[in-house]
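The next block holds one structure in the form of structure tokens; read it before the comments.
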Number of protein chains: 2
Amino acid sequence: MPDTKRLTRKGQATRDRIVAAAARLMLEQGVARTTIEDIQAAAGVSPSQLYHYFPGKDALVSAVIDHQAAQALDVQQGCLQRLDSIDALGHWRDVMINILTEMQCVGGCPLGSLASDLSESDPVARNQLAAAFAQWQELIRQGLLDMQRRGELAPDANPGNLAVAMLAAVQGGLLLSQVNRDPAPLRIAVDTMIDHLHALTRPMVP
Amino acid sequence: MPDTKRLTRKGQATRDRIVAAAARLMLEQGVARTTIEDIQAAAGVSPSQLYHYFPGKDALVSAVIDHQAAQALDVQQGCLQRLDSIDALGHWRDVMINILTEMQCVGGCPLGSLASDLSESDPVARNQLAAAFAQWQELIRQGLLDMQRRGELAPDANPGNLAVAMLAAVQGGLLLSQVNRDPAPLRIAVDTMIDHLHALTRPMVP
């Protein structure tokens, strides 16, 4: 695979087109059902062009994971800067619900779908996906840590565990929304976690 | 497909063996990567035997969904009767963690993995999976409703929404446990929901 840093602007655009086509096809039909020929046709490139950038399907899968991880983190970083208040978390939920509604709930979470698809068949991909989820989880944890430092979250709350639970709510909510073709499960799952955090911002009667 | 009610005991055993082999292979390698020939070999049956019970892959997929749905509901119904107290929910979490640990986190949730695998490629399977999740969610909701009726859950808590959030926590937790090969995310996600329910059993300072 050529060093992506050395690609010309045109080369980068071709590579991006191939990755976008592969990502879309793998989301719609799964990795196993997506052939190199499908991707070639969808991206409008020749076999030798595709091979120039990606020597095989493994390299394409790896590029698609990077692409979907960047998209998932962009939703947080681009739109919200930091998830460091109840309001910011509510805005993040709205952004996710809007994307899901636009997609008519097709594909669920692009990263979660790849994780379910590849975890048993491809240990390299599984590790790459685990790293992407760890980065996502860390972004959520940092926001909760900021809230705690400012005294908005109870001192005995555990931002690390709450970040795991929030990411699980997002992933499980997206799966239930995908299978039901309804954004409601994602909204309810994330709102319940926001309610939980909200309760942790107030003292409780023992 | 022959009426399963009319199968002889031996016929039923053969059919069960085929479904168990198909379920295991589909969990390990995904539906698309599992061929009829793989299933035949794993179940130790001839092509004509397999065809006698399942005219094609669609019929096998449908039987595998039924099988995995029954397994998921058995974990709740068989072990716990009802999820109608904080203790019962804690026991349910322990049962799930034990199964996951025994499996070394391979396969995640059998039902969730099928949902992610088939939702975009097979609308019939997607509807069958949505019905299975609805049944699971209803079992959780019934338990929470019982808690509320006994005054253990706050009157303004919404058992329907809490059941969606709990099922999302289970599904998202299992996916993160699968990709990380670590039971901790499932435990943390479910424990956070149990903490949330626990908080709803106690009055809070406004």
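The values are calculated or read from the model by the stated rules, or taken from the named source; none is laboratory data. Not measured: the values here are computed from a predicted model. All Cβ positions, glycine included, derive from the backbone under ideal geometry; neighbour counts span all protein chains shown. Just so you know, the surface numbers come from the protein's heavy atoms only, side chains and all, with ligands and any DNA or RNA stripped out. Shrake-Rupley method; radii C 1.70, N 1.55, O 1.52, S 1.80 Å.
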Do the conditions hold for B:Arg126, that is, is it more than 14 Å from B:Leu89 (Cβ to Cβ), away from chain A (no Cβ under 12 Å) and of a type outside the set (Asp, Glu)? no
All positions within region B:152-162 that are open to solvent by 20 Å² or more (accessible area, probe 1.4 Å) and either free of Cβ contacts under 8 Å to residues at least 12 places away in the same chain or within 14 Å of chain A (Cβ to nearest Cβ) (or both): B:Ala154, B:Pro155, B:Asp156, B:Asn158, B:Gly160, B:Asn161
Selection from region A:56-72 of residues within 14 Å of another protein chain (Cβ to nearest Cβ) and not in a helix (DSSP H, G or I) yields none
Residues located in region A:108-120, provided they are assigned to a loop (DSSP other than H, G, I, E, B), within 7 Å of chain B (Cβ to nearest Cβ) and either crowded, with 21+ Cβ neighbours inside 10 Å or modelled with pLDDT under 90 (or both): A:Gly108, A:Ser119
Taking the conditions exactly as written (under 23 Å from A:Asp122 (Cβ atoms) and among the β-branched types (Val, Ile, Thr)), does B:Val170 satisfy them or not? no
In region A:163-192, how many are more than 7 Å from every other protein chain (Cβ to nearest Cβ), open to solvent by 10 Å² or more (accessible area, probe 1.4 Å) and hydrophobic (A, V, I, L, M, F, W, C)? 2
Test: residue in region A:195-202 that is in a helix (DSSP H, G or I) and more than 9 Å from every other protein chain (Cβ to nearest Cβ): yes
Residues in region B:135-151: is at least one facing chain A (nearest Cβ under 9 Å), assigned to a helix (DSSP H, G or I) and touching a helix residue (DSSP H, G or I) at 6+ places or on another chain (Cβ under 7 Å)? yes
Name, by its number, the condition in (1) in contact (Cβ under 8 Å) with a residue 12 or more places away in the chain; (2) open to solvent by less than 60 Å² (accessible area, probe 1.4 Å); (3) outside any loop (DSSP other than H, G, I, E, B) that does not hold for A:Arg126. (1)
Would you mind stating whether B:Ile86 is of a type in the set (Val, Ile, Thr) and over 30 Å from B:Val31 (Cα atoms)? yes
Scan of region B:19-55 for residues that are closer than 17 Å to B:Leu114 by Cβ and either more than 14 Å from every other protein chain (Cβ to nearest Cβ) or more than 24 Å from the chain's Cα centre (by Cα) (or both), ordered by number: B:Val19, B:Ala20, B:Ala21, B:Ala22, B:Ile39, B:Phe54
Which number in (1) under 22 Å from the mean Cα position of the chain (by Cα); (2) of a type in the set (Ser, Thr, Tyr); (3) open to solvent by 60 Å² or more (accessible area, probe 1.4 Å) marks the one condition that B:Ser62 misses? (3)
Test set (1) of a type outside the set (Phe, Trp, Tyr); (2) assigned to a helix (DSSP H, G or I); (3) at pLDDT below 90 - A:Leu83 fails condition number: (2)
Please indicate, with yes or no, whether at least one residue in region A:28-37 is of a type in the set (S, T, N, Q), outside any helix (DSSP H, G or I) and either in contact with a Cys (Cβ under 7 Å, 6 or more places away or on another chain) or surrounded by 14 or more Cβ atoms within 10 Å (Cβ to Cβ) (or both). yes
Taking the condition of being part of a helix (DSSP H, G or I) and either open to solvent by less than 10 Å² (accessible area, probe 1.4 Å) or under 19 Å from A:Gln68 (Cα atoms) (or both), how many residues in region A:91-107 meet it? 10
